[in-house]
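Trainee: If you scroll down you'll find the structure; I have some questions about it.
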Amino acid sequence: MTINQSGWRPTAPEAGAASGDTYTGNRALMLEEALLFEIGDTDTTGVDFAEAPASESRLGGLERNRTIGLAGLSEPEAVRHYTRLSRQNYAIDLGLFPLGSCTMKHNPRLNEKVARMPGFADIHPLQPVDTVQGALELIHRLAGWLVELTGMHSVAMSPKAGAHGELCGLLAIRSALEARGDAREVILVPESAHGTNPATAAFAGYRVESIPATARGRVDFDALKARLGPDVAAVMITNPNTCGLFEPDMVEISRAVHEAGGLVYCDGANFNAIVGRVRPGDLGIDAMHINLHKTFSTPHGGGGPGSGPVVFSEALTPFAPLPFVEKQGDHFALVEEETAGEHHGSSFGRMVAFHGQMGMFTRALAYIMSHGADGLRQVSEDAVLNANYILRRLDDLLDAPFGDSGPCMHEALFSDKGFAGGLTTLDLAKGLIDEGFHPMTMYFPLVVHGAMLIEPTETESKAALDQFIGAIRSVAERAKAGDRSLKAAPVHAPRRRLDETLAARKPVLVWKESPQAEAAE
Amino acid sequence: MRYLPLAGSDRQDMLRAVGASSIDDLFVDVPEAARLRDKIAGLPDHLSEMAVERELARLSRRNLVAGEVPFFLGCGAYRHHIPASVDHLIQRGEFLTSYTPYQPEIAQGTLQALFEFQTQVARLYGCEVANASMYDGSTACWEAIGMARRITRRGKAVLSSGLHPHYVSVAATMARFTGDVLDTRVPELTAETDLPSLIDAIDDDTSCVVVQYPDILGRIADLGALAEACHAKNALLIAVVTEPVALGAIRSPGEMGADIVVGEGQSIGVGLQFGGPYVGLFACSEKLVRQMPGRLTGQTVDSEGKRGFVLTLSTREQHIRREKATSNICTSSVLCALAWTAHMTLLGEKGLRQLAMLNHAKAVAAADRLAKVPGVALVNDSFFNEFTLKLPKEARPAVRAMVDKGVLGGVSLGRLYPEAAGLQNGLVVAVTETVTDEDVEALATALEEVLA
């Protein structure tokens, strides 16, 4: 089967009328790229293989007898296809990427280099453990750093991302409570929490109840205390919280939860604000995940892979998942199901095949060693300073709902109060795109109307911050003046505003041959 | 501190601008008792790029690199050749250092690549739709079981003995907390799979049957009758594929009637990496899509009518639905999905079929050669690029002894099933296109010597 027989590389359908001026639909360096299935075909390949030696088939009589429909490209075409696509993406390598609670910091290329060393990249997870001692030592060493930096007792390395880490923490909590014969059913989650918190609690079999925020953007401690009781298993709390503020009552919150027989889970998504200056262990928490793809600079890659190790208090350590690495004399052992029985019998079990995100561990350790204890402290200080600089350079123009309650941590929160003419946070965000910036986090946290959450990170220079501040002031002034032209933004991006309602109402999730093309074959 | 652009004078200027006399003023909300006065004691200070590289290179050399020895390990992670352009493309900063595509106007590169990825996965699996990736095969497998529970409103999952034991463990961990009942079994060293007994295990409480294809011992069985038996009881058939290259040679689970097909994508585009990061693949029929976990990319148009792509059907997801979401997954494995789709594009259907037939032919030749080693028997009648040998003694020490002869000779079933007495002599051998005739000869010789 040939998917596209003409060989013509079409631009996007219906592009002609709208994009106007050029034959191709391209605009100089802004290049349109057709779908793989429109430019490739099933007879083209970009790889060379030796002819398979003739042999009898042992496929159990299940030889494939239908076309799959996988389009191929030659190598030059494939490289061009993905390179052209790449240029339609914004990225931290291109400029400031101020997504709040996402910690889009510079991704050092040393990390990429070391992760690709054959001794890390080309080893199999089931090799005999004495052939992978260096890998186990690396995991053990990173684990040691994470335990020291958080002031906790142990760390589970296998969770694959932040939400998976949350699940790890809650499963340990539930195991610990069940072990003392104290089944509890409710997890309390502040209303400002990231959506993964309630979703994870439900996934772990809990009922979720929401705790309100105060007018100062903190957890309402009185409401929390009033709700504590014998049915509350744990509180999931983000600190610094999603309003960009430290919870000053954190130590008292932990104490109150413990006195009520519950445990404290901390969402560590915002650890970048305090790394090296505050150890979460000193705040009385029992478990916290660390997003290596935030605080420790492993790249986001357009939506993962991440890595979400979970640090535990002494009370939860016996319940941590398998497998984990243990140093036994000079030898690094991998404690799995068969060896766990002897001294780790309370483990809640395995969360994932194999041992976690090794490729992320290598990158994170390279980053941590590069910064060291002194540098990591400077990281949080600069991250917090940059955010406060943005807060104070914008709070005369944009409403900062908690700006009066003191400094922020690593992210600055604004609302859409004062925008005129029906203009919204979305319009400001799209206006920023035209200015060459990725927008901030929009409409989150839910406790602020039209929230705009800006996290610059520590890897921005003052000049970059000043340019961003200038851009956002310019767009914000238009929003406050009711400049309706913002409704059309972005006008300079590869695409204008996309119709998300249409996408959801009539989902087109895979490419299909048009009926005419099929009829022609 | 090469990653920090602020100069000392910048810091002073900025502190003044925010009205702080020192950086400590910005941390006033931290309780006194929790403030660290100085850097954490006992940890090393920052290092130069060269020093870090030197130290990590030292650690890397303490590992035996798969590519440097005759290598035959599989069981859920496979060593294939990845074209150089794949790694180049995923290291383009626009892909590597972008975020989840929440602002579609400036993320069309990732979104279009994911739309193409979804199409490729759906076609390879023989399903109508696929999502934009999960963490890995094992977590995708559990998510599929949860999805079947929501759809059927039943809580018993029947797991084939041929399902990867780590996948079974992950499901068992989760089932303890969700209340699902898992009906599990341990494989036997025989040529026949347990499919007939699975059919007998389906009852009115069964939400799904989970079967791996090819299975953990490498065996291949027609899923058609099992699918019919599931559907007769209104249960779903979930097929798990840990070696996607196999589907270039054998029928897809979707065309045999599987309702949900999930698996590990690592073989295509993603290296071994000691177990992660990998990429979970997840596909199903169109009518089940609203119960699907994970991100979905969909086609739409912009305000000028130009085609474009967005994340869609988000009302299934945690950031909208919170505790009622179909999954808690947020960050998944998009860069690995990009590697997967770029490698698959380079292969194309033609290349994938060639690759698959080359794997199979090499595996057939290797199986025949290894079965001639005295005392060794081939367990499988059917296989793709991985088969199980029954040794005359325990395989685990044999694998260890072969390392001393410079051969990574396979995965012993004792490593995966330490408790199962009947499996201790089993050795699972994977033979991909990276294996040479000399490698097979080296394995045969090493095996003969360690068994002598």
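Every read-out reported here was derived from the displayed coordinates using simple, explicitly stated rules and does not represent laboratory data. Source: prediction; values computed, not measured. Note that each Cβ is placed from the backbone with ideal geometry, even for glycine, and that neighbours are counted across all protein chains shown.
Trainee: Through the Karplus equation 6.51 cos²θ - 1.76 cosθ + 1.60, θ set to phi - 60°, convert the phi angles of the stretch A:104-116 into ³J(HN,Hα) values in whole Hz; use x for Gly and Pro.
Mentor: Residue by residue, the stretch A:104-116 yields 7, 9, 3, 9, x, 7, 4, 4, 5, 5, 5, 5, 8 Hz.
Trainee: For the stretch B:143-229, what mean projected area does the convex hull of the alpha carbons give, in nm²?
Mentor: 5.3
Trainee: What does the charge count around residue A:151 come to, taking other residues whose C-beta lies under 15 Å from its C-beta (Lys +1, Arg +1, Asp -1, Glu -1)?
Mentor: Every neighbour counted, the sum reads +1.
Trainee: Right, another one. Dividing the convex hull volume of the alpha carbon atoms of the protein assembly as shown by its residue count, what do you get in Å³ per residue?
Mentor: So the per-residue hull volume is 153 Å³.
Trainee: Could you tell me the extents of chain B's C-alpha atoms along the three principal axes, largest first, rounded to whole Å?
Mentor: Per principal axis, max minus min of the Cα coordinates gives 80, 53, 48 Å.
Trainee: Determine, from the Cβ-Cβ distance of residue B:372 and residue B:150 and an R0 of 51 Å, the FRET efficiency 1/(1 + (r/R0)^6), rounded to the nearest 0.05. Mind dumping the intermediate values first?
Mentor: Details: r = 51 Å, r/R0 = 1.00.
It comes out at approximately 0.50.
Trainee: Divide by every residue of chain B the summed helix terms, -39500 (n - 2.57) for each DSSP H run of at least 4, and state the resulting mean residue ellipticity at 222 nm, rounded to the nearest 500 deg cm²/dmol.
Mentor: Per the formula, -11500 deg cm²/dmol.
Trainee: Contour minus end-to-end for residue A:30 and residue A:506, with contour as 0.36 nm per residue of separation and end-to-end as the Cα-Cα distance?
Mentor: Result for the pair: 168.5 nm of gain on full extension.
Trainee: If Lys and Arg each add +1 and Asp and Glu each add -1, what is the summed charge of the other residues whose beta carbon sits under 10 Å from the beta carbon of residue A:98?
Mentor: That sum, taken over residues with Cβ under 10 Å, equals -3.
Trainee: In whole angstrom, how long is each semi-axis of the equivalent ellipsoid of the stretch B:46-187, when you take the square root of 5 times every eigenvalue of its Cα gyration tensor and sort them from largest down?
Mentor: 34, 26, 17
Trainee: Could you give the alpha-carbon Rg of chain A over 2.2 N^0.38 Å, rounded to two decimals?
Mentor: Relative to the 2.2 N^0.38 Å estimate, chain A comes out at 1.10.
Trainee: Helix-only estimate, please: 222 nm mean residue ellipticity of chain A, summing -39500 (n - 2.57) across DSSP H runs of length 4 or more and dividing by its residues, to the nearest 500.
Mentor: -10500 deg cm²/dmol
Trainee: Now for a separate question. Extending each Cα 7 Å along its Cβ direction at residue B:16 and residue B:181, get the distance between those two points in nm, one decimal.
Mentor: Modelled inter-label distance: 7.4 nm.
Trainee: Here is a follow-up. Pull up the DSSP beta bridges for the protein assembly as shown and report the antiparallel fraction as a percent, rounded to 5.
Mentor: 60
Trainee: To continue, here is another question. Counting Lys +1, Arg +1, Asp -1, Glu -1, what net charge surrounds residue B:27 among other residues with beta carbon under 9 Å of its beta carbon?
Mentor: -2
Trainee: Once all Cα-Cα distances of the stretch B:267-374 are split into 10 Å bins that start at 0, what whole-number percent is in each one?
Mentor: It works out to 11, 25, 31, 19, 9, 4, 1, 0, in whole percents.
Trainee: Quick one: which of A:430/A:462; A:506/B:306; B:372/B:393; A:113/A:327 span more than 18 angstrom between C-alpha atoms?
Mentor: A:430/A:462; A:113/A:327
Trainee: Name the helices (complete DSSP H segments) of chain B with a Cα length along the long axis of 20 Å or more and a Kyte-Doolittle mean of at least -1.0, or state none.
Mentor: Flagged H segments are B:108-125, B:137-152, B:334-370, B:437-451.
Trainee: Another question about this same structure. Which ordering of B:166, A:140, A:344 is given by a fewest-first count of other beta-carbon atoms within 10 Å? Don't jump to the answer; show the numbers that get you there.
Mentor: Values: B:166 26, A:140 16, A:344 20.
Lowest to highest Cβ neighbour count: A:140, A:344, B:166.
Trainee: Let me ask you something else. Sort B:388, B:152 by Cβ crowding within 10 Å, fewest neighbours at the top.
Mentor: Numbers: B:388 29, B:152 17.
Starting with the residue having the fewest Cβ neighbours, the order is B:152, B:388.
Trainee: OK, next. Report, for chain B, the % of DSSP beta bridges that are antiparallel, rounded to 5.
Mentor: On the way: 22 of 39 bridges.
Of the beta bridges lying entirely in chain B, close to 55 percent run antiparallel.
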